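In what follows, a single structure is set out as structure tokens and then discussed.
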Amino acid sequence: QVQLVESGGGLVQAGGSLRLSCAASVNIFRFNHMGWYRQAPGKLRELVAGIRTGGTVGITNYADSVKGRFTISRDIAKKTVYLQMNSLKPEDTAVYYCQARDYEEYWGQGTQVTVSS
């Protein structure tokens with residue numbers, strides 16, 4: 001059974017940094033893609049960053065709003081995907097979810113990120 005467990009959220013001032021972790025219960029090579037999504041109150045869930053987890057090259061993609069500030073990475077040995085978030089803004093405040101996809105979609109429980117102005 002696939003489980004994704006996020007950690008690393010919290011409260012930070014604008015301009016600060018956080019690193020989110022998503023630990024999988026299985027080898028992440030089995031997934032085609034893993035990503036970080038976020039959902040703010042009253043808004044739709046949106047893709048923040050994604051990474052190919054199969055293969056030797058971890059191709060990444062980012063939402064325009066986070067390009068240059070957020071970096072997604074993977075550690076195959078630790079079965080973990082990270083989201084390094086720098087230069088945080090109040091509009092980054094949301095619940096952040098980890099998602100993995102092979103023939104199905106899997107989601108973590110979410111971790112709250114709050115950026116104060």
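The values are calculated or read from the model by the stated rules, or taken from the named source; none is laboratory data. Predicted model, so just to flag it, every value in this text is computed and none were measured. Cβ coordinates were reconstructed from backbone atoms using ideal geometry, including for glycine residues, and neighbour counts include every protein chain displayed. All accessible areas refer to the heavy atoms of the entire protein, side chains included, with ligands and DNA or RNA removed. Shrake-Rupley method; radii C 1.70, N 1.55, O 1.52, S 1.80 Å.
Listed values, structure above:
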| item | result |
| --- | --- |
| Identity of the residue in segment 61-96, under 12 Å from the mean Cα position of the chain (by Cα) and open to solvent by 40 Å² or more (accessible area, probe 1.4 Å), that ends up nearest to Leu44 (Cα to Cα) | Tyr62 |
| Residue satisfying condition, being charged (D, E, K, R) and in contact with a helix residue (DSSP H, G or I) (Cβ under 9 Å, 6 or more places away or on another chain), within set Asp102, Asp92 | Asp102 |
| The one condition in (1) in contact (Cβ under 8 Å) with a residue 24 or more places away in the chain; (2) open to solvent by 50 Å² or more (accessible area, probe 1.4 Å); (3) part of a strand (DSSP E or B) that Phe29 fails to fulfil | (3) |
| Total residues in segment 38-60, condition among the aliphatic types (A, V, I, L, M), modelled with pLDDT of 95 or more, more than 14 Å from the chain's Cα centre (by Cα) and open to solvent by 50 Å² or more (accessible area, probe 1.4 Å) | 1 |
| Residue in segment 16-26 that is surrounded by the fewest Cβ atoms within 10 Å (Cβ to Cβ), counting only those that are touching a strand residue (DSSP E or B) at 6+ places or on another chain (Cβ under 7 Å) and of a type in the set (A, V, I, L, M, F, W, C) | Ala23 |
| Leu44 vs. criteria in contact with a Gly (Cβ under 9 Å, 6 or more places away or on another chain), on the phi < 0 side of the Ramachandran plot and aliphatic (A, V, I, L, M) | no |
